[in-house]
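Peer 1: I have a structure I would like to understand better, so I am pasting it below and will then ask my questions one at a time.
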Amino acid sequence: MTARPITEDDLQAHVDQVLDPARRAEVEDYLARHPDVARRVAGQIRQRDELRAALAPIAEEPVPAELGLARLLDARRDRRAHRAGRAWGARPAWQLAIAAAVLLGLGGVGGWSLRGAPAPSSGIAALAQEATDSYRVYTPDRAHPVELRAAEQPELVRWVSNQLQHPVAIPDLTAAGYRFMGGRVVATAHGPAGLLMYDDDHGTRMVVLIRPMAIERDTAMALHASGPVRGYSWAARGIGYSVVAAAPAATLHPLADEIRRQTAAG
Amino acid sequence: MHDILAAVEPLIPALRRYARALLRDRTAADDLVHDCLERTISRWHQRRPETDARAWVFTILHNLAMNRLRQAARRGPHVELDDAAAAQPPSQEAHVRHGELLRALAELPADQRSVLLLVGVEGLSYADAARVQGVPIGTVMSRLSRARERLHRLLDGALPVAPPALRSIK
């Protein structure tokens with residue numbers, strides 16, 4: 001008999017039940033003659049079954065809504081439609097002027113309907129843009145991400161509240177794993193805004209932008225995204241809030257909810 | 001777009017299980033699955049139709065998970081929440097055993113833990129596991145054999161297992 005020697009790979013394949021019947025018979029014959037190896041292999045089969053049993057409950061859990069594939073596909077479609085709608089608004093004015101002139105020159109009376117969707121000039125969309133811009137400028141800054149640190153919180157609160165002419169409290173997100181780093185006043189096209197920064201144990205930074213709203217003074221929370229940077233923005237009793245980080249919506253949403261809860265109570 | 005729903009949606013429970021068993025942190029694992037699904041959607045059209053969707057999606061998740069573990073290792077030890085075990089009542093013997101098993105699993109090097117999960121739990125073929133890890137099949141086989149041996153010695157008490165630790169939030 002010139003049987004191939006039994007290899008460690010054969011034993012693993014036996015544990016995983018992927019041997020062809022002929023080889024399996026050879027391995028079983030070998031194991032019958034080597035009780036030590038047989039015990040080891042039996043132990044590995046038991047271990048595999050236990051591992052499956054220990055982890056099975058995770059796959060039995062209902063899938064969180066944020067991980068619903070249909071919902072993610074819808075969100076992507078919406079983002080694309082939004083981008084397409086904003087393409088005109090993002091063009092320089094001279095291009096729009098030329099386009100309008102060309103259309104008028106062609107006798108197109110529809111030339112003035114080019115208004116389309118203007119770039120956000122005020123309201124929640126503008127707030128979201130300002131928060132995203134501030135996020136991009138300040139969070140990558142390793143040396144001076146904030147002007148006043150968490151230890152100087154009373155001074156920061158006075159500063160921001162004076163500039164905004166509205167009492168501002170610092171939301172406490174430690175229960176959600178986010179530590180308050182500090183903040184500053186930033187300039188926006190709609191006046192001063194307070195920028196608060198937080199980070200978690202992984203070093204992920206998140207900002208909250210707060211400013212008074214001239215319009216859309218009470219607005220439901222809405223998700224916005226710009227590449228990997230996502231945010232939730234809303235307004236309550238004339239004050240707008242925008243929470244922005246390079247994090248999945250599933251992470252940001254509970255944080256935004258918590259901030260809204262704390263600021264509404266305050 | 002219907003083909004992506006039909007091919008990927010049934011995988012989501014297994015993707016969550018793989019991510020959580022690797023990271024041992026429910027929130028971080030679900031964030032990872034979220035990123036994986038976003039990438040799956042945006043790259044779906046680049047996928048060669050003959051490749052198996054399951055191995056392809058697991059590859060995306062695996063690479064995200066390994067990046068994440070490498071970043072965590074660079075930042076120093078981070079004690080992760082042991083919620084797979086903590087979610088279960090500790091009074092029952094099977095659950096105590098499962099808790100020990102999952103703690104021992106966490107002691108394995110990431111490559112060994114990954115192959116044990118891909119082959120032993122998710123039931124991927126050796127060839128698919130090799131594709132997901134980006135290594136030859138021979139490497140998958142030797143990792144698998146070492147992982148099983150080491151897990152056995154950890155559970156046998158031949159190697160010390162770190163005691164369960166509480167997560168500290170600063």
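Peer 1: How far is it, in nm, from the label point at A:Ala38 to the one at A:Asp141 when both lie 7 Å from their Cα along the line to the Cβ?
Peer 2: About 7.3 nm, to one decimal.
Peer 1: Under the definition of partner shielding as Cβ atoms of other protein chains within 10 Å of a residue Cβ, what is the mean value for peptide B:28-38?
Peer 2: Going residue by residue through B:28-38 and averaging, the value is 5.
Peer 1: Quick one: net charge around A:Ala56, please, counting Lys, Arg +1 and Asp, Glu -1 for every other residue with C-beta under 11 Å from its C-beta. Could the numbers behind the result be given before it?
Peer 2: Details: positive: A:Arg52, B:Arg17; negative: A:Asp49, A:Glu50, A:Glu60, A:Glu61.
Taking every other residue near A:Ala56 into account, the sum is -2.
Peer 1: OK, next. Where Lys and Arg each count +1 and Asp and Glu each count -1, what net charge lies around A:Glu155 among other residues with Cβ under 11 Å from its Cβ? The partial results should precede the final answer.
Peer 2: Details: positive: A:Arg149, A:Arg158; negative: A:Glu147, A:Glu152.
That sum, taken over residues with Cβ under 11 Å, equals 0.
Peer 1: How far apart, in nm, are two points set 7 Å out from the Cα along the Cα-to-Cβ line at A:Arg52 and at A:His166?
Peer 2: According to this spin-label approximation, the distance is 5.8 nm.
Peer 1: Where in the range B:100-146 does accessible area fall by at least 20 Å² between the isolated chain and the complete protein assembly, at a 1.4 Å probe radius?
Peer 2: With the partner chains in place, the range B:100-146 has these residues losing at least 20 Å²: B:Leu101, B:Leu102, B:Gly120, B:Val121, B:Tyr126, B:Met141, B:Ser145.
Peer 1: Report Rg/Rh for the range A:113-212, rounded to two decimals, where Rg is the Cα radius of gyration and Rh the Kirkwood radius.
Peer 2: Working: Rg = 14.7 Å, Rh = 14.4 Å.
Value, to two decimals: 1.03.
Peer 1: What does a probe at B:Arg43 reach in the range B:113-146, counting residues whose amide N is under 15 Å from the point 7 Å along Cα→Cβ?
Peer 2: B:131-135
Peer 1: Give the dimensionless ratio obtained when the Cα radius of gyration of the range A:122-164 is divided by 2.2 N^0.38 Å.
Peer 2: Values: Rg = 12.6 Å, N = 43, 2.2 N^0.38 = 9.2 Å.
Relative to the rule-of-thumb radius for its length, the range A:122-164 sits at 1.38.
Peer 1: Within a Cβ distance under 13 Å of A:Arg205, other residues only, what is the Lys/Arg minus Asp/Glu net charge?
Peer 2: Working: positive: A:Arg136, A:Arg142, A:Arg179; negative: A:Asp141, A:Asp199, A:Asp200, A:Asp201.
Neighbourhood net charge equals -1.
Peer 1: Here's something else I'd like to know. Once you compute Rg and the Kirkwood Rh from C-alpha atoms, what is the Rg to Rh ratio for the range B:1-76?
Peer 2: Taking Rg over the Kirkwood Rh, I get 1.00.
Peer 1: Now for a different question. Please list A:39-49, B:124-134 highest first by mean number of surrounding beta-carbon atoms within 10 Å per residue. Don't skip to the end; give the middle numbers.
Peer 2: Details: A:39-49: 15.9, B:124-134: 19.8.
In decreasing order of mean packing, A:39-49, B:124-134 become B:124-134, A:39-49.
Peer 1: Rg and Dmax in Å for the range B:92-165, alpha carbons only: what are they?
Peer 2: In Å, with Rg to one decimal and Dmax whole: 13.1, 41.
The values are calculated or read from the model by the stated rules, or taken from the named source; none is laboratory data. Because the structure is a prediction, the values reported are computed rather than measured. Heads up, the Cβs are rebuilt from the backbone with ideal geometry, glycines too, and the neighbour counts pull from every protein chain shown. Just so you know, the surface numbers come from the protein's heavy atoms only, side chains and all, with ligands and any DNA or RNA stripped out. Shrake-Rupley method; radii C 1.70, N 1.55, O 1.52, S 1.80 Å.
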